[in-house]
Amino acid sequence: MAFLRPIPKFSGAIVLIVLGLGMTGCGKPPTRGEAITQTLPNSGPVEAGDLFESKELGTFTDLPPWIAHLKVIDLDQDGLDDIVFCEAQDNEVRWIRQTARGEFVPERLLAADMSGPVHVEGADMDADGDIDLIVSSMTIIFPHNDRIGHAFILENDGAENFTTHSILQNTSRIVDMRPADLNGDGRLDLAVAQFGYDQGQVAWLEHVGPSPWDFKRHVLLELSGAINVEVADFNGDRIPDIAALMSQQWEEVYTFLGTGHGNFTTQRIWGSTNEDYGSSGMSVADLNRDGRPDLICSNGDGFGPAATPGPRPWHGLQWFENTGNGGFKYHRIGALPGAYAPIGVDLDQDGAMDVVSAAAYADWNNQNREVVSLMWFRNDGQMNFTPHVLSREPKDLITLGVGTFDHSGKPALISGGFYIYPPFDSMGRIMLWHR
């Protein structure tokens, strides 16, 4: 039985997109956590715009880009990182292929008619040795409560020609899917985040066969506003677990600890009573290098429920330290108005894991004087993070990836821009940031 929560009162907030009980019984829902509405005091970020050079990749378009998500992946398995991305306005999934270090061929359309694609992942879903693509589609990006979500798998024929398979439709809007063998049968299943609007879920799709495209849906949590799911072994029992970030005025983080054979125990590990907290992204990284996967989360959605959209003083990043046995401890990383897409990466290669985040909301009320579009939180090795401004333009970046795109071997960043409000200036579709 899925874990249930009552439905909150919703405003007409704009969704950018996206941007413990056992599952065999019911009980009292967990209480909510304290509101986090203050930023940490600091002396201000370090200006570090000269650390990276940037260049735009891909094809110029007349329309403002809607790059909802990008994934750095070696799609053709030639040993070079490529970029696969979702263009939500054109309903397309596209590929920028790296043919030699720092050299790219013109981008290629992989799939059209994707119904508002907002997330793409890669995995060999049919076990034939090549990389297939898993696409989450909302159909309509802006607030909508109809069951119009769609899940696709793009089957790779081995030569990077793709056949589209619909594996789930007529369901709450889907914003994220992650592949993993969740029941231990040797086949890849999918963890699923369904934002919905006032009806959403966290679920998993069991790969049941005999066709590689046959799946059975299991609901883990009946709650709207799921932004991201991640899969990792959070409690060290060698069974995959799922983490989910919930927004839509819930502003909570859940884990679903696998107990084997596709069964999960639900626990809420953190929550804020600030309904305008603005949860916006989550990733997994071993941030403190203790061998346990931690969670990095951003809160930077400035599109509601408040009447005036824009950045908030409590926007920023935090990490949840995995303390073992399924426990987590909250730590604030730092402030960043409009924070989105946090990723863990040792950017300066000093052995300490840093955090990089994009920023997705320009500060119109301040004439954009304080806009930061790309921020590096440098880890001093003692888990103290100093913010460094990597760039102040282009604005409104909501998706980030990290990979290798030159001969230096140093990590480079790939960003994607999403532009829904005028003025349509200082835009960047797909940008490469390298040292």
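Cα centroid distance between the range 317-341 and the range 221-242, in Å? With the range 317-341 and the range 221-242 each reduced to a Cα centre, they are spaced 15 Å. From least to most packed, judged by other beta carbons within 10 angstrom and beginning with the fewest, Val402, Val118, Val105, Val253 follow the order Val105, Val402, Val253, Val118.
Does the range 327-421 come out rounded, prolate or oblate, given a ≥ b ≥ c as the square roots of the eigenvalues of its C-alpha gyration tensor, rounded meaning a/c under 1.5 and, failing that, prolate meaning a/b above b/c? It comes out oblate by the Cα gyration axes.
May I ask for the Kirkwood hydrodynamic radius of the range 206-304, worked out over all distinct Cα pairs and given in angstroms to one decimal?
On the way: mean 1/r = 0.0674 Å⁻¹.
Averaging 1/r across every pair of different Cα atoms and inverting gives 14.8 Å.
By the gyration tensor of its Cα atoms, with a ≥ b ≥ c the square roots of the eigenvalues, what is the shape of the range 255-391: rounded for a/c under 1.5, prolate for a/b over b/c, or oblate? In terms of gyration-tensor shape, oblate. Cβ crowding within 10 Å, taken as a proxy for footprinting-reagent exposure, orders Phe215, Phe264, Phe234 from fewest neighbours to most as Phe215, Phe264, Phe234.
Could you grab the relative contact order for the range 255-318? Cα pairs under 8 Å, six or more apart, rounded to a whole percent.
24 percent.
Taken one residue at a time, the phi angles of the range 313-321 give Karplus couplings (6.51, -1.76, 1.60, θ = phi - 60°) of x, 9, 4, x, 10, 8, 10, 10, 6 Hz. Gly and Pro are set to x.
When a footprinting reagent is the concern and you count Cβ atoms within 10 Å, what order do Arg173, Arg292 take, fewest first?
Working: Arg173 33, Arg292 19.
The fewest-first ordering by Cβ neighbours comes to Arg292, Arg173.
Put simply, the amide H of Gly116, placed in the peptide plane, has neighbours under 5 Å in Asn91, Thr139, leaving out anything fewer than 5 places away on its chain. Placing dummy labels 7 Å off each Cα toward the beta-carbon, the span from Ser211 to Thr259 is 3.4 nm. Once R0 is set to 25 Å, what does the formula 1/(1 + (r/R0)^6) return for the Cβ-Cβ distance between Glu56 and Glu370, expressed as a FRET efficiency to the nearest 0.05? That gives a FRET efficiency of 0.55.
Grouping the Cα pair distances of the range 163-264 into 10 Å bins from zero gives a pair-distance distribution of 16, 49, 30, 5, 0 percent in increasing distance order. Sequence-ordered 3J(HN,Hα) estimates for the range 133-140 from the Karplus curve with 6.51, -1.76 and 1.60 and θ = phi - 60° stand at 10, 10, 10, 9, 10, 8, 6, 10 Hz, glycine and proline given as x. A dipole drawn for the chain from +1 and -1 charges on Cβ atoms has a positive end, and of Leu223, Ala48, Leu205 the residue lying farthest that way is Leu223. The range 46-120 and the range 396-431 have Cα centres lying 9 Å from one another.
In terms of distances greater than 22 angstrom between alpha carbons, the cross-link table entries Lys55/Lys410; Lys55/Lys395; Lys71/Lys329 yield Lys71/Lys329.
Could you give the alpha-carbon Rg of the chain over 2.2 N^0.38 Å, rounded to two decimals?
Details: Rg = 20.1 Å, N = 435, 2.2 N^0.38 = 22.1 Å.
That ratio works out to 0.91.
Pop out the Kirkwood hydrodynamic radius of the range 152-192 from its pairwise C-alpha distances, inverse of mean 1/r, in Å to one decimal. Spell out each step's value before the answer.
On the way: mean 1/r = 0.0833 Å⁻¹.
It works out to 12.0 Å.
Every number in this text was worked out from the coordinates using simple rules, so none of it is lab data. As the structure is a prediction and not an experimental result, all values here were calculated from the model. Glycine also receives a Cβ, built like all others from the backbone with ideal geometry; neighbour counts cover every protein chain displayed.
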